[in-house]
Each structure stands twice: as structure tokens, then as C-alpha cells.
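First up is the structure itself, then whatever we jot down about it.
The values are calculated or read from the model by the stated rules, or taken from the named source; none is laboratory data. From a predicted model like this one, the values you see are computed outputs, not experimental measurements. As a convention, Cβ positions derive from the backbone with ideal geometry for all residues, glycine included, and neighbour counts pool all protein chains shown. Quick note on the areas: whole protein, heavy atoms, side chains included, nothing else; ligands and nucleic acids left out. Shrake-Rupley method; radii C 1.70, N 1.55, O 1.52, S 1.80 Å.
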Amino acid sequence: MAAADVTTKTGERTLPKVPLLTTSSVERPLTGWRAWVLTTDHKKIGLMYIVAALIFFVLGGVEALLIRTQLGTPDNTLLDPHTYNSILTMHGVTMVFLFVIPIMAGFGNYIAPIQIGARDMAFPKLNALSFWFFLAGGIVFYASLFFGAPEAGWTMYAPLSDDAFTPGFGTDAFIFLAHLTGISSLVGSVNFVVTIANMRAPGMGWGRMPIFVWTILIYAVMLIIALPVIAVAVTLLLTDRHFGTHFFDSTQGGDPMLWQHLFWFFGHPEVYIMIIPGFGIISEVLPVFSRKPVFGYKALAAATASIAFLGTLVWAHHMFTTPSPTAVLVFFMIGSFLIGVPTGIKLFNWIFTMYHGAIEFKTPLLFACGFLSMFLIGGITGIFLATFPVDWQLHDSYFVVAHFHYVLVGGAMFSITAGLYYWFPKFTGRMMGETLGKWSFWFMFIGFNTTFLVQHSLGLSGMPRRIYEYGDYGHWATLNLISTIGAYTLAIGLLLSMINGYRSLKNGAKAGPDPWRANTLEWFIPSPPPAHNFDIIPTVRSVEPMKDIRQEVAARSQTASEEPAQA
Ligand code: HEM
Ligand SMILES: [Cu+2]
């Protein structure tokens with residue numbers, strides 16, 4: 001008899017009262033590669049997202065090192081212009097579509113259902129499908145390396161991305177990547193929204209959901225809003241390239257500005273989609289290693305939601321140098337400034353979470369502090385660029401490259417590393433090495449700042465982005481060499497963390513269910529968790545259910561020890 005229906009004593013067929021306990025949640029024990037390829041378990045799917053995204057990160061990182069090696073000295077001939085343009089485009093697209101967005105889906109997949117007390121995502125099979133669409137997108141995109149990689153930059157501006165200027169498979173590979181990863185994220189986002197709205201443990205109202213879960217919910221909603229727009233844009237680009245339409249061709253009545261509006265209506269929310277789950281990871285790590293509850297829980301959740309809302313209204317700050325009316329420029333400038341308010345609230349909430357805390361400088365906290373300081377710098381230079389008269393000077397210069405790497409590497413990547421060190425014990429049952437972790441942090445922190453801090457002054461002195469070589473102008477050679485040395489130092493730091501992960505998988509100290517004495521439900525179950533997650537789903541009474549459970553257990557054992565031993 002299928003698990004789904006039960007026949008009552010009166011012979012009536014009804015659905016069982018235990019919701020969500022579907023066959024896919026408690027998997028038939030598959031073994032070997034089948035246990036992964038055929039899985040619908042959110043934990044396995046989460047790990048597959050994380051591992052695949054890290055592999056793409058290594059590819060994007062190698063591309064970054066090639067870029068920096070080419071730019072390390074003036075008049076370098078290591079890469080010819082076409083190869084440079086391709087590597088640059090592959091780097092940007094890989095890091096955004098195949099590293100940051102999918103790895104956040106990986107964290108969300110593994111952690112969010114457990115943090116809300118669920119046994120799986122609402123649609124396990126759809127969840128598996130999302131992963132395979134993402135992977136297919138990545139494979140199609142990298143297949144372009146064999147058929148002519150794209151060269152138009154990650155923004156694919158028309159008419160450069162038109163067939164007339166960049167013929168061949170490259171740009172089409174980007175179009176298919178956008179569609180396949182788009183479907184993956186869209187289906188995945190619907191899954192997150194339904195799971196978070198319907199599958200929370202008893203007692204976990206919206207006001208008791210972990211901040212990380214809030215950020216995954218907002219990440220999903222923003223994807224649902226932004227993705228259809230890029231899907232339309234790349235479809236119009238596909239028909240312009242192959243079916244004789246002229247949507248973006250100004251010589252035939254089309255308008256290249258249409259591409260920019262469509263791309264950035266997606267592209268700007270995209271940058272918040274990349275960073276907001278990172279906010280969630282930081283909001284989990286800081287309270288645990290400060291031994292204090294997060295400061296201003298409600299303000300933190302509300303600030304994240306308002307950043308997401310405002311983030312959909314500022315896209316044209318990427319187009320300040322296009323022929324737009326001043327009123328439009330002013331509107332988008334003020335909108336961009338406004339985002340600084342909720343972002344500031346978050347920064348202060350994080351700082352006050354640590355203030356007077358019993359700080360334990362474990363590796364996850366070090367990376368969280370790295371995030372805080374670097375994201376602050378990225379945010380401030382963002383305000384500079386949001387001021388359109390200033391942007392008129394700095395648009396498309398290395399100041400812009402420095403700015404978004406402070407947000408995407410200093411921000412997103414440091415928060416991702418904090419999350420990997422924080423949840424590695426839950427994923428594997430083992431602890432990551434602290435000494436190697438700290439060495440990795442300092443190589444990454446110093447390497448990162450050496451790479452990108454100097455790029456601000458390169459931009460201020462007029463160095464444009466996307467140039468494959470430059471003459472020996474003034475201090476450009478020195479600063480570029482410093483930047484390249486920084487990039488290799490950063491790479492060493494990343495390598496140390498990968499070695500740490502590999503070694504800890506085998507020889508790390510046993511973690512146990514709650515190695516950090518943390519606050520949320522993922523630390524209530526074993527490390528790694530069983531297929532069905534919870535034997536019993538606890539009733540939640542606050543934003544720190546794990547702390548409540550620990551206190552209750554302590555109180556019970558206290559009373560038990562005080563009760564006179566029964567004869
Ligand atoms: C890990 C170390 C990294 C290094 C050393 C690095 C270096 C660079 C450099 C030098 C450029 C500019 C090249 C030019 O304009 O000619 C660039 C472009 C870019 N990077 Fe990175 N990057 C790194 C990581 C990342 C990450 C983690 C992300 C995103 C999440 C990212 C996203 C981008 C994007 C979107 C571009 C623009 C590509 C374009 O102009 O089409 N990078 N990177
Ligand atoms: Cu923007």
C-alpha cells in the first residue's frame with residue numbers, strides 16, 4: 001500500500017495526518033554514484049550545488065589569475081586581445097552565474113529546511129531538477145571554449161553582442177547559460193518560498209525565523225522578479241543574432257539602450273541576490289561567536305527586505321553615461337543613496353551584536369569580520385559611484401572594478417568562506433583545522449586588499465577596464481604589478497582553505513551535533529544529519545530555539561539531580 005493513503009476503520013480512504021513525510025524525504029537507500037545522481041534529498045542537492053559552484057569558482061579564479069598576469073607588466077603579450085576578452089567574459093559570467101548564485105542556493109538547500117524544522121524542501125524532485133539545469137547551463141557555457149568563447153564582456157552589451165560583431169557560438173552559449181541557470185534558479189526559488197512559507201516547525205512564526213532563512217526567502221523572491229527580464233532580453237538577443245529581428249540594432253529602428261535597461265533591471269537586483277544570503281550567513285555567525293543574541297532582529301529582517309525592494313528601483317545607475325534626462329539621473333542617484341540607509345542599519349546591528357560580547361576569534365568569525373570591513377569599503381565607494389557627476393569621471397575605469405570586487409569578493413566571497421567554515425562540521429561531522437584556517441584568512445585578507453585597493457587609484461588616474469594591455473604611463477606599471485602579486489597571494493590563501501577542507505574531511509576532529517554551541521535548529525540534529533533530519537520536530541519558542549533546548553535540558557538534569565534517589 002503506497003505510503004500516501006491510509007484506510008480508516010470505516011473503510012474511508014484519507015491522507016495521513018503526518019504532513020510532508022513523502023517517500024522522497026526518507027530515501028530508499030541508494031548507494032555509490034546513484035545515491036548522488038538520483039537523489040532528491042535537499043542535503044545532498046545542497047552539497048552538489050556547493051561542490052559544483054566551487055569547481056566553477058576555481059575555473060573563474062584561474063581566469064582571474066590569467067587576467068592579472070597579462071596586466072602585471074605594461075605591453076604584455078601573454079594573451080592576445082581576443083583571448084583576453086574571452087577570458088574576461090568567462091571570468092565575470094562564471095563568478096556571477098556559476099559560483100555565487102548557485103553556492104548560495106547550495107547553502108539555502110542544505111541549511112534552510114533544517115533551520116525551520118522541515119524534513120525536506122516542498123518539491124524534492126523539482127529541487128533535483130533545478131540542480132541539473134544549473135549544471136547543464138555551466139557545461140554548455142564552458143563548451144564554448146571549444147567552439148569560440150564569448151568576447152562581449154559579462155554585460156553582453158548590444159551591438160557588440162550582435163552577430164555582426166561577435167559571430168560564432170560564444171554569445172549563444174551565454175544565452176543558453178542564462179536560460180538554463182535561469183530556469184534552475186526560478187524553479188529553485190519557488191521551492192524555497194513554498195517551503196519557508198508552509199513547512200516551519202510548530203511555534204516558528206515569521207518573527208522567529210532565523211535571519212539566514214529570511215535572506216534565502218528574499219533571495220528567492222528577488223530571483224523570481226529579476227530572472228524573467230533577463231530571459232526576455234537574451235531571447236530578443238537570440239532572435240537578433242539568428243532570426244533577423246532588430247530589437248537592439250539602431251540602424252534598423254531598434255535601440256541598444258533597450259538591452260542596457262533590460263540587462264540592468266536584472267543585473268542590479270542580481271548583485272543583491274548575490275550578497276543578501278551572505279548577510280544571512282554573517283547574521284548567524286556573529287551572535288554565536290559573540291555569545292550574544294543578534295542585535296535588532298526585527299530591524300535586520302526589515303532592512304534586508306527594504307534593500308531588496310529599493311534594489312529593484314536603481315538599475316539605471318549603471319547607465320549614468322548614456323543620454324538620459326537629468327531628472328532620470330537624479331531619480332536613480334537618490335534611489336541608490338537611499339539603499340545606504342538600510343545597509344547602514346545592518347552594519348550597525350552587526351557591530352552591536354559583537355559589542356561587549358564574549359568574542360571567540362574562531363575562523364568563521366575572522367571571515368565574518370573580513371566581510372564587515374571589506375563590504376563597508378565596497379558600500380562607501382558605491383555611494384561615490386551613485387553620484388552621477390562623479391560616475392561620469394569614473395565610469396568603466398578600474399575604480400569600478402575595485403568597487404564591485406570589494407562587494408563581491410570582500411563581501412560575498414568572504415561571507416561564503418565564513419559559511420563554509422561554520423557549517424562544514426554539520427555537512428561532514430568533522431571540524432576544519434583552526435591553524436590552517438587562520439593562515440588562509442590572513443593570506444586572503446592581505447592578498448585581496450593588495451589586489452583591489454590599488455585599483456581605486458588606477459581608476460582615479462584614468463585606467464579603463466577591459467583593456468588587454470597598457471603602456472608604461474606613470475605609476476600604472478607599479479600599481480598593476482602590486483595588484484597582480486596581491487592576486488597570487490589571495491590565490492594562496494584560497495588554496496590553504498581547500499587543503500584544509502580536504503584534510504579535515506578525513507582527519508578533522510569529530511564535530512558532534514553542536515560544536516559551536518549555536519542557536520538554531522540545524523545544531524539540534526546529528527552531524528551529518530540522517531536522511532529524515534528530525535526524529536522529533538521540536539516546538540520553537542524564540543529566535544534561538546537551540547539555546548532554549550540547551551537551557552531546558554540543563555534545568556531538567558538539574559531537577560533530576562536534586563530529586564532524592566527513589567528507593
Ligand atoms: C578571486 C579573485 C578575483 C580576481 C583577482 C579578479 C580580478 C578581476 C579583474 C582584474 C577584472 C577586470 C578585468 C578588466 O576589466 O579587464 C575582473 C572583472 C570582473 N570580475 Fe573579477 N576577480 C576575482 C574574483 C571575482 C569574483 C568572486 C567575482 C564575482 C562574484 C568577480 C566578478 C567579476 C566581474 C563581473 C568582472 C567584469 C567582467 C567584465 O568586464 O565583463 N570577480 N576581475
Ligand atoms: Cu547597481
message: Given the options 450, 435, name the one that is within 11 Å of ligand 1 (Cβ to nearest atom) and open to solvent by 20 Å² or more (accessible area, probe 1.4 Å).
response: 450
- request: Scan the stretch 240-264 residue by residue and report those that are of a type in the set (S, T, N, Q) and not in a helix (DSSP H, G or I).
  value: 245
query: Does residue 27 count as of a type in the set (D, E, K, R), at pLDDT below 95 and open to solvent by less than 60 Å² (accessible area, probe 1.4 Å)?
result: yes
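Consider the stretch 237-283. How many of its residues are open to solvent by 30 Å² or more (accessible area, probe 1.4 Å) and either over 29 Å from residue 386 (Cα atoms) or within 18 Å of the chain's Cα centre (by Cα) (or both)?
Taking the stretch 237-283 as the starting set, the residues that turn out to be open to solvent by 30 Å² or more (accessible area, probe 1.4 Å) are 238-239, 242-247, 249-253, 255-258, 261-262, 265, 271-272.
With either over 29 Å from residue 386 (Cα atoms) or within 18 Å of the chain's Cα centre (by Cα) (or both) added as a condition, the list becomes 238-239, 242-246, 251-253, 271-272.
Residues flagged as open to solvent by 30 Å² or more (accessible area, probe 1.4 Å) and either over 29 Å from residue 386 (Cα atoms) or within 18 Å of the chain's Cα centre (by Cα) (or both) within the stretch 237-283 amount to 12.
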Tally, over the stretch 286-308, of residues that are under 12 Å from residue 210 (Cβ atoms), in a helix (DSSP H, G or I) and not hydroxyl-bearing (Ser, Thr, Tyr): 4
field: Residue list for the stretch 464-495, restricted to those being near ligand 1 (Cβ under 10 Å from one of its atoms), small (Gly, Ala, Ser) and either farther than 30 Å from residue 421 by Cβ or in contact with a Lys or Arg (Cβ under 9 Å, 6 or more places away or on another chain) (or both)
entry: 483, 486, 487
Members of the stretch 105-151 found to be farther than 16 Å from residue 43 by Cβ and open to solvent by less than 10 Å² (accessible area, probe 1.4 Å), listed by number: 134, 137, 138, 141, 144, 150
